[in-house]
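The values are calculated or read from the model by the stated rules, or taken from the named source; none is laboratory data. Since the structure is predicted, the reported quantities are computational estimates derived from the model, not experimental observations. Every residue, glycine as well, gets a Cβ built from its backbone with ideal geometry; the counts of neighbours run over all protein chains shown.
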Amino acid sequence: MFDAALLNIVVYLPLGGIALLLAAPAGQDAFVRRLTLGLMTLQLALVAWLYLRFDPTVAGLQFETRLPWIASWGVHYQIGLDGYNVLLVLMTAFLGPLVVAGAFTAIRKDVKLFYSMVLLIQFAMLGTFVAQDLFLFYVFWETMLIPMFLMIGIWGGERRIYATIKFFLYTAFGSILMLAAVIYLVLSLQSTTGITSFAFADLYRSQLPLDVQCILLAAFGLSFAIKVPMVPLHTWLPDAHVEAPTAGSVILAGVLLKMGTYGFMKLGFPLFPDATLAFTPAIMFLAVVSIVYGACVALVQTDIKKIIAYSSISHLGYVMLGLVSLNLYGIQGAVIQMVSHGLTAAGLFLMVGMIYERCHTRELADYGGLAKLLPVYSVFFAILTLASIGLPTTSGFTGEFLVLLGAFGAAWQQYELGSTLPLALASVAVSGVVLGALYMLWFAQRFLFGAAKAPHQPFGDLDLRERAILGIIVAAVFVLGLFPDEPMRKTELAAKQFQQLVGTSRTGVRAAGEPGRGPAASENGAPRFARAGTGSAP
Amino acid sequence: MTMQQLYLLIPLAPLAGAVAVGLFGPKLGRGLSHWLCILGVAVATVGSIVVWRDVMAGARFNGDVYTWLQSGSLKLAIGFLIDPLTATMMVVVTFVSLMVHVYTIGYMAEDPGYTRFFSYISLFTFSMLMLVMSNNFVQLFFGWEAVGLVSYLLIGFWYTRPTAIYANLKAFLVNRVGDFGFLLGIGLILAWFGTLDYAQVFARAGEFEGAKLNLWGAAEWSLLTVTCICLFVGAMGKSAQVPLHVWLPDSMEGPTPISALIHAATMVTAGIFMVARMSPLFELSDTALSFVTVIGATTALFMAFLGIVQNDIKRVVAYSTLSQLGYMTVALGVSAYSAAIFHLMTHAFFKALLFLCAGSVIIALHHEQDLRKMGGLRRYMPVTWITALVGSLALAGVPPFAGFFSKDAIIEAVHASRIPGHGYAYFAVLAGVFITAFYSFRLLFLAFHGKARFDPAGQAHSHDEHAADRHDAGHEAGDEPDAHGHHGGPPRESPWVVTLPLVLLAIPSVFTGWTYIEPMLFGDYFGGAIVVRPEHAVLWEMKNEWRGVAAFVQHGVLSLPFWLALAGIAAAWYCYLVNPALPARIKSAIGPVYTLLDNKYYFDRFNDTVFAGGARRLGGFLSRVGDATVIDGFFVNGSARLVGWAAAMLRHLQSGYVYHYAFAMIVGFFAMLTWWVGR
């Protein structure tokens, strides 16, 4: 009970913070910064407490709050932690203080408003993760858009208006489709079972014919795929990143993109399992295209932020690949990859911000040999680069390795069922390790090594604040690379539930007791030797 | 201390040194830094020798020390497998590493990155130990990537030089191409075996012997063939086999001590070690073994040719390393795994020795690496000369030096093999003997004998040139070891920290051949760590003819390889000492061939154009056409324009005239009425 109250406090703490900020007298920028940092740190401490209290052996929700909200529609205010969101909530809370501290010197215009926006978006993101009711989820989901939109629009770069409009159109387009799908889904649940509910747990029991599932998955999926983003719905991301202030980029890459993959994991796939299985090759194909496309385009970018933006597209392709593998370690690897990307991309964007504050340019060609000019900066940058490539002992390796193994295991199962396409796709996905190294190291080579040059010299190396921010991120990167077992355990039951939900047919057409297709059949997807006997044996 | 604790201590001691010096190097100072690192590696060396003796007495260990992660029934752990193969590698790695650590004190004395360098090489020792001590594929891959990373850092040690940062990027990427295959292989193993633990995989390997895959059309592949070839692609990257060899010559941009440690003695042999470790899998696929044989033979012969035309002293040794790695790979291919490991061991000693000798020469000549500007150095540097001579004799395969035994064993094994491709391989390794002897003595004669072609009086001048030459690339920043130039005068023998490792490496280069050939190849040295099927047991056949070391030498002296080696030495002697004008005449006579060799068979140009250029062009195309034109241009901005157009159309309807609206209402009313009536 106490912990459940604590989770609510965690979510609403930023709102309280906004009230405090607005009450603060004007011109107290230093106070505003410190207050926000304090609130974020407090929030992190509370989340860390909840994380430690989270029991990995309990399936389902923990620290749950469920109150009636709009009784006539069956809407509840229901939040809680489970294996799906616990790591993402921790990561969001972890990045909060770093985002705030990272913007101390960069934001000098409308400081109070800016930090209010940061707090508002933090509130919305945490709410989206912990919501267990589709109505509530949608409300939080839409709330996220507004502060992000304002953040790019007010504190952004030169082409910020173009970027905000593009960002808004893309995401609003997805939201509208999702809204229609939500309404249809709830109505159909009502008509088939007589229950009027928005609760995820009830919606997981809906029975829909395959064609309806496909349409609804397309609607949900489009909305989520835009957020991920998956190629070809990705072009808003580089523009948004380039124009966004550093804090915006960090939030965007660190947390917001995971909303898409989280949406697929929590809603898209488990709500429409038959459609998911029907579309698996297509989703897998798009995931692999994202990996390769993002990497190839990242290779030719000349703007530092764009390189990292496209690398995000590539890395989140791995997450999608892990999720559709429907293989236990693939799914868990996808979750780790989400967190890992959150850390490395956030770190890299913060570092771009730090160099931008010194040199006022993001053109890669203006830089060179920073290892000589900024040795401490370069060490941090190199570590984050290597983590992004997925070198062992860093978080990137844990995620990428598990996802690739998972994709491979799933592909083998499909191969045994007579389809070689997933195997080919998994092999192409593995080539991402070469491409990833290519664009990231070539970038590092031009940025850090060679003859030293940078505009606006002289400038100092990282100060204590900057070192602390990056040191914390790098420590987390190593912890997740060296000791992934503990966080993995917290996700295991949820990953199994995900497998089971997606593996169970819910067309409402099949006779009860007929086994669902595929991958849930064997826990780890390690197929038996004989080709017969795997997969569906009706 | 129990043995288990010792196993843990061995890799952790160098790691502790690396971390301490890496984080606090500048504060600790040079002296404390190098002693800390040396202490860590010395502990590891002594520990390895203790473990090795223990293993020779029959001890074995296979157990996990730490669960990295667990997902369902899949458990990925850090663990050790201690058997003779591991113990041998541990001793070789730590001993060479210790020698290189000591040598570095002298070689890097003037370098501002001194402590950073020590931290890196200790980190490398840790990574390499984790690689060889692993008992599962995950940790193997950990070590694999970690040694690759340290290699990357060390090749680019002088990071302001454009050539160095080009070389390290290339090394990393080519290795990643190998990793691509390696990961596919690991993925296949996990998919089929459900585990990544060596012992479990090897125990069940036989069950999958008949398993078939058809990947394309109707062609059926043996599962194990595909798996083994995928794993071997990883080995090709790390052990620089054609066509993934291109990174190794360029890796000579790194400081010489790491060329000896990483790019000759240890890291590049990781692939050889891996295949030997996987012998229970490779044995089950003749096709894979054949593939290994052909790749190895090609590397052994064609890379040796390139050693002849190089003028940079380090590059000659680098190409010889490529060729010798080819020999080891051939040995793996013909199932003579123990011969491969035997050659790996002797090669580690004499090749590290040759690189360190080259380094000694390079310091003495103030960073001159061009063989054409050396000559006559034996008068100035006797210790370096003698040890280089020992190394060259071992490399050329002259009895009783170590290289003779290991190389001759490989040649005999290839001769006895019946694996497809063994004929080509036999020709390649035989021809390789002549070329090896030729280029190694070409190096020796050009550097140490004949007339001095450097300018003893003009050292200061040449240093200025050298400094000017590198000025842009970071001399100003103090990245180069540059203080040698102040001495001027004739070259001098290197200090004891440099010559001591030379002598200590020369000793095993002499004796490890005859002392270990019998136990390693024909005895029960590896005791089950290496599995060979009876129909592949070439060494077993050789054992039947084994009459002891003396008889082996006698037989060797009477057979072709020995005479080829002597002929190679004689040819080098004639070409470079007796008739120095001859090579130039030959060069012009064989013009096109020379051009081909000088361009290293055009591999680099091909890769740059097709792969590097191709990836960039693809990226550029996708960026311009995919993102900018199709998605943004057509769909995003197009839909915005569509909305604008539709709005403009709709605006016409809002004309403001009442009769327009009234007309629309009437039409609408009738339309609804019609629908209502008609339904």
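Quick rundown of the values:
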{"item": "Single unsatisfied condition, A:L402 versus (1) aliphatic (A, V, I, L, M); (2) closer than 20 Å to A:V335 by Cβ; (3) more than 8 Å from chain B (Cβ to nearest Cβ)", "result": "(3)"}
{"item": "Tally of residues being at pLDDT 90 or above and over 12 Å from A:L136 (Cβ atoms) across the range A:69-82", "result": "2"}
{"item": "Sole exception among (1) within 30 Å of A:A103 (Cα to Cα); (2) surrounded by fewer than 24 Cβ atoms within 10 Å (Cβ to Cβ) for A:A225, by number", "result": "(2)"}
{"item": "Unmet criterion (only one of (1) surrounded by fewer than 19 Cβ atoms within 10 Å (Cβ to Cβ); (2) more than 8 Å from chain B (Cβ to nearest Cβ); (3) of a type outside the set (S, T, Y); (4) in a helix (DSSP H, G or I)) for A:R489", "result": "(2)"}
{"item": "Matching helices (runs of 4 or more DSSP H) fully within the range A:223-271 where at least 2 residues are within 14 Å of another protein chain (Cβ to nearest Cβ)", "result": "A:236-243"}
{"item": "Search result, residues across the range A:174-201 that are surrounded by 15 or more Cβ atoms within 10 Å (Cβ to Cβ) and under 30 Å from B:N637 (Cβ atoms)", "result": "A:G174, A:S175, A:L177, A:M178, A:L179, A:A181, A:V182"}
{"item": "Enumeration of residues in the range B:224-248 that are part of a helix (DSSP H, G or I), more than 10 Å from the chain's Cα centre (by Cα) and not aromatic (F, W, Y)", "result": "B:L224, B:T225, B:V226, B:T227, B:C228, B:I229, B:C230, B:L231, B:V233, B:G234"}
{"item": "Residues of the range A:125-152 that turn out to be free of Cβ contacts under 8 Å to residues at least 24 places away in the same chain and closer than 21 Å to A:A181 by Cα, as a count", "result": "3"}
{"item": "Residue in the range A:41-61 that is surrounded by 15 or more Cβ atoms within 10 Å (Cβ to Cβ), modelled with pLDDT under 95 and more than 25 Å from A:I472 (Cβ to Cβ) present", "result": "yes"}
{"item": "Selection count, the range A:162-185, where residues are more than 13 Å from chain B (Cβ to nearest Cβ) and not polar (S, T, N, Q)", "result": "11"}
{"item": "Residue within the range A:196-203 that is touching a strand residue (DSSP E or B) at 6+ places or on another chain (Cβ under 8 Å), in a helix (DSSP H, G or I) and closer than 29 Å to A:W69 by Cα present", "result": "yes"}
{"item": "Tally, over the range A:416-434, of residues that are within 8 Å of another protein chain (Cβ to nearest Cβ), farther than 21 Å from A:A346 by Cα and in a helix (DSSP H, G or I)", "result": "5"}
{"item": "The range B:138-160 - residue that is over 22 Å from A:R446 (Cα atoms) and of a type in the set (F, W, Y) and, of those, surrounded by the most Cβ atoms within 10 Å (Cβ to Cβ)", "result": "B:W144"}
{"item": "Where A:A219 falls short, out of the listed (1) touching a helix residue (DSSP H, G or I) at 6+ places or on another chain (Cβ under 6 Å); (2) in a helix (DSSP H, G or I); (3) without any contact (Cβ under 8 Å) to a residue 12 or more places away in the chain", "result": "(3)"}
{"item": "Selection from the range A:371-415 of residues that are closer than 20 Å to A:G294 by Cα and outside any helix (DSSP H, G or I)", "result": "A:G390, A:L391"}
{"item": "Residue in the range A:355-370 that is of a type in the set (K, R) and within 10 Å of chain B (Cβ to nearest Cβ) present", "result": "no"}
{"item": "The range B:183-209 residues that are of a type in the set (D, E, K, R) and buried (at least 19 other Cβ atoms within 10 Å of the Cβ), paired with ones that are modelled with pLDDT of 90 or more and not in a loop (DSSP other than H, G, I, E, B) (beta carbon under 6 Å, 6 or more apart)", "result": "B:D197/B:N136"}
{"item": "Among the residues listed as B:V138, B:V150, the single one being in a helix (DSSP H, G or I), of a type outside the set (D, E) and at the interface with another protein chain (Cβ under 10 Å from one of its Cβ atoms)", "result": "B:V138"}
{"item": "Residue that is surrounded by the fewest Cβ atoms within 10 Å (Cβ to Cβ), among those in the range A:390-399 that are at the interface with chain B (Cβ under 8 Å from one of its Cβ atoms) and not hydroxyl-bearing (S, T, Y)", "result": "A:L391"}
